[in-house]
Structure formats: C-alpha cells, structure tokens
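Report on the following structure.
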6 protein chains.
Amino acid sequence: MPISRFVEYEDAPPDVRAVYDDIMATRQVDCINNFWKALAQHPPTLARTWESLKQVMAQGALDPIVKEMLYVAVSIAHGCDYCVNSHTAAARKAGMTDAMLGELMTVAGMASETNALATAYQVELDDRLHVAARSGN
Amino acid sequence: MPISRFVEYEDAPPDVRAVYDDIMATRQVDCINNFWKALAQHPPTLARTWESLKQVMAQGALDPIVKEMLYVAVSIAHGCDYCVNSHTAAARKAGMTDAMLGELMTVAGMASETNALATAYQVELDDRLHVAARSGN
Amino acid sequence: MPISRFVEYEDAPPDVRAVYDDIMATRQVDCINNFWKALAQHPPTLARTWESLKQVMAQGALDPIVKEMLYVAVSIAHGCDYCVNSHTAAARKAGMTDAMLGELMTVAGMASETNALATAYQVELDDRLHVAARSGN
Amino acid sequence: MPISRFVEYEDAPPDVRAVYDDIMATRQVDCINNFWKALAQHPPTLARTWESLKQVMAQGALDPIVKEMLYVAVSIAHGCDYCVNSHTAAARKAGMTDAMLGELMTVAGMASETNALATAYQVELDDRLHVAARSGN
Amino acid sequence: MPISRFVEYEDAPPDVRAVYDDIMATRQVDCINNFWKALAQHPPTLARTWESLKQVMAQGALDPIVKEMLYVAVSIAHGCDYCVNSHTAAARKAGMTDAMLGELMTVAGMASETNALATAYQVELDDRLHVAARSGN
Amino acid sequence: MPISRFVEYEDAPPDVRAVYDDIMATRQVDCINNFWKALAQHPPTLARTWESLKQVMAQGALDPIVKEMLYVAVSIAHGCDYCVNSHTAAARKAGMTDAMLGELMTVAGMASETNALATAYQVELDDRLHVAARSGN
C-alpha cells in the first residue's frame, strides 16, 4: 500500500491525463505503471519527472538498452526494488539477453566490492588517473 | 594519506609482484594504480580481487566500454571518488566520448531521482513488471 | 517477521514498561509501535534511543512538523521503508498537508539527482560557498 | 580537479549563457557556482537540471528555508560534500540560524540511527502506521 | 518473485552442481539458499562468488563469528534485507548470543548517527588520527 | 574547513568543558578530536552523543575491539572518511593487528558485493533463514 493514492486514468484531471497519454504513446503501451500513478497526486512532479525521463532516456550517443542497464545499476546501488524491477523489465524489452543481464549484475556486484575497498583503505587518487578521467589522455 | 602503506613493485614479495606483472600485461600499462598498491598489504585480497576483476571486466556479452560505464554508474551511487575517477578514465580509454560521458551522468542523476521518488511514495511493484523483469515477456 | 521477538506491554519487565509508559504519555497515544517493541529485546538500547529521540524531536528552534519532514527526507535517502511510513504518519499528524507532502518528496528526489551529478562530475567546492556554509556570510 | 572542464561565462555558447543569466537573475547573484559550470559541458543537462531546480525550490506549500534544510538532510544522507556545503550556504542565506542548523544536524543524525535500527531488527510496519502515512488518519 | 529463475539441484548442470556440493560440504548443510540458486543462472558468477566467500569467511586472524557480525553490520548499512537475515542466522549459528546481537545492532545504529554528524559538519580529519589509522602509533 | 567553528577547550563554556573532561578521562587522552569540537557548537548534541557513544562502546557482551571493527565496517559502507580513519585508529589502539585489518576490509568488500547481488536478483528470503535469524534455531 503506497503513501498517497494511485490516480487512475478515469479519475485523472486533464493535466494528468495528458501526461498519461504521452507516456502510453511514447512507450507504445496501453497502461500506466504504478510509479506514475503515485506521482500523479502531485501533478507538477508527474509532469516534470516524465518530461525529464523522456528526454534523458531517448536515443542519443548511448543506445536505450545501455541507458536502461545504467539505470538498473544505479537502482541496485540505491537498493530501490521498484526501479530494479521496472528498469530490468525495460532493458529486457530493449533487447537485453540473459547473458547480458548476468554480466550487468556481476559488474554491479564487483563495483560495489571495490568501491568499499577503496573507501576502506582511503586510497588517494593517482594524479595520472585524475588527468585521464578529465581529458581522456 | 591512505590507511596502510602502498607496496611498491621494488619492495613487493614474489606473490604480489606476480599480480602486478599480470595487471600490467593485461592492461598493457607500465605502472600500477594506488588501489592495487594499497590492497597489496593483504596479498590474498590483492590476488582475489584482481582475478575477479579481470574475469568480470573481460569482453563478454557486454563490451568493455559498457562495463566501464556501468562501473562508473555504481561508483557514483556509492559516492566513491576514487572509483568514479579511475573507471571514468578506463571508460575514456575504451572509447567513451564526451557526449557519451554526458549521457551516462545524466542517466545516473535521473535514476537517483526516481529511486528516491519510488521510495518516497513507497510504490508497490506492478505484477506486470515483476513478470517482465523476470522473463522478458 | 522481525529479527528478535516483539516485547508486548504485558510481558515487559519494569524498565521496559517505564519506557513504554513514557512513550504513550509523551505522544498521547495508547499503543506502542513495533519499532519500540523490537528494540525492547535490548532494554538499554530502548531506553537510550527513546530518550534521544524525545530530546531531538521536541519543539526547539525548529517546529516538530519540520523535524518530522527532515526525518522523512533522511529515511527516503537511506531507503528505510519502516521509517518513511512512520515519520510520514507523524508529519501528517503534526499538520503536513498533501501539498506539503508532494513538495517534500519532490525536493528529496531533486536533491538525490544533484547529489549524484555533483559526485559524477567530481565538482570542487567553490571557496565562496565554503565560507558561506560556515558563517552565513 | 573535476571530471570535465568548467565552462566559464565568457567561453560559453549562447544556450549555456542564457541559463547562466537566468541563474544569476533568479538568485540575485553575480557569479555561477562550479556545479553549473561542470554541468555546462553537457548543455541539455544544464538546462534541464536548472529548470527543474528552479521549479522545485520556489516558494510553494513549503518555504524556501524548509526546502533548503530538506536538501541539506538528503545531501548528508548521501554523503555529498559539495551539496552539504552549497545548500547549507543557501539555507543560511534564507534565514537559517545557528540554532536551526544545530537541530537540523541532530535530526539528520538521529534519523540515521533509527533507520539503521529498523533495518537491523527488520521491523515490520504496523498496519496503523501504514494507514496513517497514507491518509493522515 | 526474484529476477531470473532459481536453479534447483536436480535441474542444475554439472558445473553448478559441483558448486552446490561444495557449499553443502563446507557448511555441513543439506540444502542450498535462494541466493545461490539465483546466482546459478549465471554460472561464472556463482562459482566466483562462492570461491571468494569461502576464502574470505574462513577462520583467519578474525574468528568466523566476528566476520559474520561484520557482514551483518555492512548489510544493515546497505539496507539489504536478505543479507541482514542470512548473516544474522549465520552469526547465531556461529555462537552469537542475544546480548551480542543487541550490542551489534546498537553499534550499527550509533555508527550511522555519527557518520551522519561527521558529514553534516564536514569535520576535517585530525592529523593525529590520520597517522594512528595508518600505523597504529 | 568544517561547517561551523571548532570549539577549543579554552573557549568552551562550562557544560562543553565538562564533556571534554569526561572524554579525556574516559579515553585516557589529553586532547579532543575535531569531531567533538564541531559538535560543541550545539552543546545538547555534544552531550547526548558522547553519553550515547560512551555507553554503546563500553565493554559488554562484545569486546571493544570488536565494537570498533563493527564501527569501521559501517563507516566504510556509508563512505564516511572521518569515521573510517578515527575508528580504524581506535581499533588499532584496542589491539587490531595488520592481519585483522586486512580481514576486516576484505569482509566489508565481500559483503558489499553480495549485498548488491542479492538486490540485483531481488532474491526472496528463504523461510528457513527467517526463522534462524530470529531464534538461532
């Protein structure tokens, strides 16, 4: 049972319904996920979040499948069960195979381990890496 | 100044030196990052972590560039400055452009926002997404 | 099913019962939340935690409603479902409206996004902000 | 040294300069924080993030000072040093006194402790709290 | 319902079955936890993770009971419900009493509080502590 | 440069000085860490936090060395650099050897990895573990 009530399409005011219509048209689906129905209690958050997500996840220099896998990785690190499930589903829809899923998860696990080790030992950044992160050289 | 001393190549015992040699050969570099020099104080952790990382980050169903970007995304979420820098450098070396970097970071930011919103509203997972995450159908 | 058993009022030893009585008197309620019943397995933790919470959440320079909203914000960031629910309930009891709830959640989401972006880009703190954070000038 | 270069006003393309102008006009300041100069390497992220932040942090059902304190609380929980400093500075500018700062921080500390305890004991949510979080009743 | 299917012993390919046999022999149990059954969808991750865990958790300079309690503490901080439960169970099996459990949890709570306070106040590390952390002197 | 000023002993009001005296007497040291000097800007937080810490970290069912190592583990997971350093120093003072340090850190790393994997695969808790975590049977 979520905090605040889900806003169903048939009960939604026009501004919420317009966002729902755009979500369904953009994603070529015929229903709305609970996440959006929860946000719809605060319509400005619904509209702003959807506009941002649509822009961020569109085809760009990175393919949607890579973006969805990045989304899953961040959601694992934050322990957000809803987002792990919903973006794993989206990544699969975008073409992620079982082998890709397995590698995504193992990278997420490995990164978590070395993140902890770098913090545990309070490792100072190498000047060389600093430069390379910044400029690629 | 890190916790525990860095182990330099010239001071390293043979088991540590063997790992250092393998790191330099695998990555085709001629120096060792501080991270490994810190782990080398506990040689079993150095050996195990390097073997795992080498296996996890090798070419597989995902390209190394995608794996490095996933690594960066997790490191951002955990707030590990060392790893954000070192894996951004590695991703650039693997071919990540400025445009790809910009999109990686904006996806990491967006995911963090919706992770928080899904938690804030305690949104229940849609049965449909559960199934889709599991099976791709 | 929690780790460790809930300690019900009727089964509680006198030191636990005294804390329960103080919780009910302070909050003007007639039952004890599961959180306290779980802590009561280790009575010193129950007593110390309740004394601290009572002191911290009392009217001070900040109103209880603001304190409860801050509590919700931190609980969202840590992904603690129990605390998100219990302190959202407390904030509502203290007068938080639906509009205030909506803004609290959207701020929590936005902060999470820019936290991630500041880490992603490893932004150095402006000297000016350093000073202003410290002294208000 | 940040990942990616800061974009200074005099070097900025027109779309970035327009955002910088709006930031300075909205906040009534005459310089741009490093955070925005870092985001400006990816102009769509700069524009989107600023538009969102401006909308989210405006006067609404919550006062800007409360919003800034919520921002600080989330930033503490995520360990984002940049944001802790920049939003503490903003909260002070909005009127936060030393006493309010002290209480904000002690609430953030206390919430972190009970978040951990609720997770440690895996406390199940009371049905009563579920309902109260949702509806205020 | 987990992401990906559990691999049961009777359906497992030989490489997975070999890991399962080693888990049961090492731990002297006659069944396999869901965690391993989930990892088994990606056999290299199953094998690598089990080998690492077996090595890390063996008797060494620290007793297994201390290692299991450290595992619980980290799992609480990451909010991993599965791991909090499974490693609390393992710690109990290794001899952790109710009193030890109570103290473990109260330390985890207290550390979370002072972690937040040190971040909130952006406390600079004392040079003296730096040295003492590094060398024990 | 911390948020808020350090309160030095010679400038401290009597209530702060009394806490400082108790810290030095209890720990048998002759100076005060920056952490306490920062908290002293808000004397009730200083007094409450010190009383709690003193109680929590005293000899009990767990030895101080184990408690300090648990503290380090939690601090690693939260990425609190100050606390990683200060409690590593305290653990060394309590007798932690280099070998124990190495194992502490490798357990912290390993736990972080499996925490991520359990979340990644959304593994359901085994009923058996639930019971064992609760009761030790």
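The values are calculated or read from the model by the stated rules, or taken from the named source; none is laboratory data. Remember, predicted model here, so these are calculated numbers, not experimental data. Glycine gets a Cβ as well: all are built from the backbone with ideal geometry, and neighbour counts include every protein chain shown. Calculation scope for accessible area: heavy atoms of the full protein, side chains included, ligands and nucleic acids excluded. Shrake-Rupley method; radii C 1.70, N 1.55, O 1.52, S 1.80 Å.
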* To do: Return a yes/no flag: does the stretch A:12-32 have any residue that is of a type in the set (S, T, N, Q) and outside the structural domain of A:Val107 (by TED's automatic domain parsing).
  => yes
* To do: Residue by residue through the stretch C:116-137, note down the ones that are within 11 Å of chain A (Cβ to nearest Cβ) and either of a type in the set (A, V, I, L, M) or open to solvent by less than 20 Å² (accessible area, probe 1.4 Å) (or both).
  => C:Ala116, C:Ala120, C:Tyr121
* Structure fact -> For the stretch D:31-45, the count of residues that are of a type outside the set (Val, Ile, Thr) and over 16 Å from the mean Cα position of the chain (by Cα) equals 8
* Can you confirm whether the stretch E:5-20 contains a residue that is free of Cβ contacts under 8 Å to residues at least 12 places away in the same chain and within 14 Å of chain A (Cβ to nearest Cβ)? => no
* Quick one: would you say D:Ser52 is in the same structural domain as D:Pro2 (by TED's automatic domain parsing) and either crowded, with 23+ Cβ neighbours inside 10 Å or within 17 Å of the chain's Cα centre (by Cα) (or both)? -> yes
* Do we find a residue being small (Gly, Ala, Ser), under 18 Å from the mean Cα position of the chain (by Cα) and at pLDDT 95 or above anywhere in the stretch E:20-27? -> no
* Look at F:Ile3 and say whether it is at pLDDT 95 or above, open to solvent by less than 50 Å² (accessible area, probe 1.4 Å) and not charged (D, E, K, R). => no
* To do: Report, by residue number, each residue of the stretch A:17-55 that is closer than 16 Å to A:Tyr71 by Cβ and in contact with a Gly (Cβ under 8 Å, 6 or more places away or on another chain).
  => A:Thr49
* Do the conditions hold for F:Val74, that is, is it crowded, with 24+ Cβ neighbours inside 10 Å, closer than 14 Å to E:Ile76 by Cα and either within 11 Å of chain B (Cβ to nearest Cβ) or of a type outside the set (Lys, Arg) (or both)? -> yes
* To do: Would you mention how many residues in the stretch D:1-34 are over 16 Å from D:Arg48 (Cα atoms), touching a Lys or Arg at 6+ places or on another chain (Cβ under 8 Å) and either in a helix (DSSP H, G or I) or among the aliphatic types (A, V, I, L, M) (or both)?
  => 4
* Applying the selection to the stretch E:97-109, what residues are more than 9 Å from chain C (Cβ to nearest Cβ) and surrounded by 24 or more Cβ atoms within 10 Å (Cβ to Cβ)? -> E:Leu104, E:Val107, E:Ala108
* Tabulated pairs, the stretch E:123-135, first modelled with pLDDT under 90, second in a loop (DSSP other than H, G, I, E, B), C-beta under 7 angstrom, 6+ apart or interchain -> E:His130/B:Met1; E:Val131/E:Asn137; E:Arg134/B:Met1; E:Arg134/B:Ile3; E:Arg134/B:Ser4
* Asked: Is at least one residue of the stretch F:55-66 open to solvent by less than 10 Å² (accessible area, probe 1.4 Å), at the interface with another protein chain (Cβ under 7 Å from one of its Cβ atoms) and at pLDDT 95 or above?
  -> yes
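Only one residue in A:Ser112, A:Ser86 is facing chain E (nearest Cβ under 10 Å), touching a residue at least 12 places away in the same chain (Cβ under 8 Å), open to solvent by less than 40 Å² (accessible area, probe 1.4 Å) and under 21 Å from the mean Cα position of the chain (by Cα), so which one is that?
Values: A:Ser86 fails: facing chain E (nearest Cβ under 10 Å).
Answer to the check: A:Ser112.
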* To do: Could you please let me know if B:Ala94 is closer than 18 Å to B:Gln28 by Cβ and either open to solvent by 10 Å² or more (accessible area, probe 1.4 Å) or among the β-branched types (Val, Ile, Thr) (or both)?
  => yes
* Pairs where the first residue, in the stretch A:39-52, is more than 7 Å from chain C (Cβ to nearest Cβ) and among the small types (Gly, Ala, Ser) and the second is part of a loop (DSSP other than H, G, I, E, B) and surrounded by 21 or more Cβ atoms within 10 Å (Cβ to Cβ), C-beta under 7 Å, 6+ apart -> A:Ala40/A:Val7
